[in-house]
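Okay, structure first, notes after.
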Amino acid sequence: MAYRWPAGTVCKRIDVDVENRSCPVCERYMHVCDHRYHRLWTFEGATQVVNRLVHCPDASCKSRGRTFSPEAELSISMPRWCIGWDVLCWLGHRRFARHWSVPQLRAELKDTHQITLSDDAIEHYLGLYQTMLAARQHDPEQLAEAYRDIEALVLTLDGLQPEKGHETLYVVRELMSKRVWFAEPLLSSATQEVQRLIVLARQWAERLAKPVRGGRSDKQDAFVTAIAAEFPGIPHRYCHNHFLRDVAKPMLEMDSRAKVKMRRKVRGLRAIERRVLAERRHTAALVPCPTHETPQTALPAVATPQACAERDLSGGRTDRALDATGLAGPGEAGVADEAGEVVLGYCAAVRGLLNDDQGGPLHPPGVRMSEALQEVRASLDRNFAAQKGGVPSRC
Ligand SMILES: [Zn+2]
């Protein structure tokens, strides 16, 4: 990848030489015949590595025509890279261990280290880093070292689909060291395809010379067949997460139906709110004579900004609405307003409850909704008992 150096970049020069200068064929002392210049960014700034290339001086030697490069070059960087190993490791670690984004990496390199790299260049080097990391993860010696103290293996297999319609990435993990062994995209989840992965997993286990103690998956047919074929007799367990999700499915469907029913039953909030607002306008027109009579005149159904704001509030409104009921004392000035306020508060709270979709298998939203609606009813009942006919509300 060609890198365009910013104009006026001053480089620190490092000269590197071939360590063993004797010709590998005739053992004569080899002479410097050329220089290769390699400019790159390290955390010590812009650097120019000057490689002194050598060749055998004997024109009749078989090694003639070959040039030898300094070995040390590779300890600084790889040929044609515009960054050193230090910058590559910094990028890879920040990206994959800290989950920094590419623009964030670019900005940090520029601000803190005065290194200018484009997004494309950073992505290119991250790709190289990933390739090297994968190769290291697969390295048999490294793997044997990681599994030295582990007696038996537990393998899991699962498919991940980044988006609907994408090919599925099948991931084989080992649970005792919580390590991803390998992943492969398969176009189908046919037993044959899946079995190939399990065969590979068996080969890995054989290479480690460790017994496989169990398998775990979501128990798709193909997984069950393939694991039984390659690891006969080992227990194959359900993944806890999948198990809970599958068990909860019919229950969540029932919960959802219950929610629909409750929504159907608790209706007419808008009508109640309109009535309160209409009443309020009517009262304002007749000031200073407050009345509880409901006006029958058709008023435009446009809500005041205040009512709109209240309507937008959801969830946490319950407490305030319930508290507010204690404020409505009869026979005082502005009582119509306060009563209306309470009714609007109740409406906002109930609307919040009906729109709340939070929760999962362990806290089903329908159950939460039912409990919350019962609380509202209990609150209304307490108010009616305290002051009969005080609050004109059906919600
Ligand atoms: Zn020679």
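The values are calculated or read from the model by the stated rules, or taken from the named source; none is laboratory data. Because the structure is a prediction, the values reported are computed rather than measured. All Cβ positions, even for glycine, are placed from backbone atoms using ideal geometry, and neighbour counts span all protein chains on display. Note: areas computed on protein heavy atoms with side chains; ligands, DNA, RNA excluded. Shrake-Rupley method; radii C 1.70, N 1.55, O 1.52, S 1.80 Å.
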**Message:** Please compute the contact order of the chain in relative form: average sequence separation of alpha-carbon pairs under 8 Å and at least six residues apart, divided by the residue count, as a percent.
**Reply:** 8 percent
**Fill in**
Excluding near-sequence neighbours (fewer than 8 apart on one chain), the chain holds lysine pairs with C-alpha atoms under 29 Å apart numbering 14
**Two-decimal log10 I(q)/I(0) for the chain, as the Debye equation yields it once each C-alpha is a single scatterer, q = 0.07, 0.12 Å⁻¹** = -0.70, -1.03
**Request:** Keeping every protein chain in place, order Lys388, Lys210 by accessible area at 1.4 Å, biggest value first, i.e. largest first.
**Result:** Lys388, Lys210
**Prompt:** If the chain between Ile150 and Glu253 were fully stretched, how many nm would it gain, using 0.36 nm times the residue separation less the Cα-Cα distance?
**Reply:** 32.8 nm
**Lys261 accessible area, 1.4 Å probe, all protein chains in place, Å² to nearest 10** = 140 Å²
**Item:** Surface accessible to a 1.4 Å probe, Arg274 within the full protein complex, Å²
**Value:** 120 Å²
**Asked** What is the distance in Å between the Cα centres of the stretch 84-139 and the stretch 175-204?
**Response** 29 Å
**Item:** 0 to 90° range, to nearest 10: angle between helix 119-138 axis and the chain longest Cα axis
**Value:** 70 degrees
**Request:** Return the FRET efficiency for the residue pair Arg264, Lys219: r is the Cβ-Cβ distance, R0 is 41 Å, and the value is rounded to the nearest 0.05.
**Result:** 0.60
**Item:** His242, His113, ranked by accessible area, largest first (probe 1.4 Å)
**Value:** His113, His242
**Item:** Accessible area of Met78 in the full protein assembly, 1.4 Å probe (Å², nearest 10)
**Value:** 70 Å²
**Item:** Distance between modelled label sites at Met176 and Ser63, nm, 7 Å Cα→Cβ extension
**Value:** 4.9 nm
**Message:** Ordering Val32, Val247, Val154 by accessible area with a probe of 1.4 Å, largest first, what comes out?
**Reply:** Val247, Val32, Val154
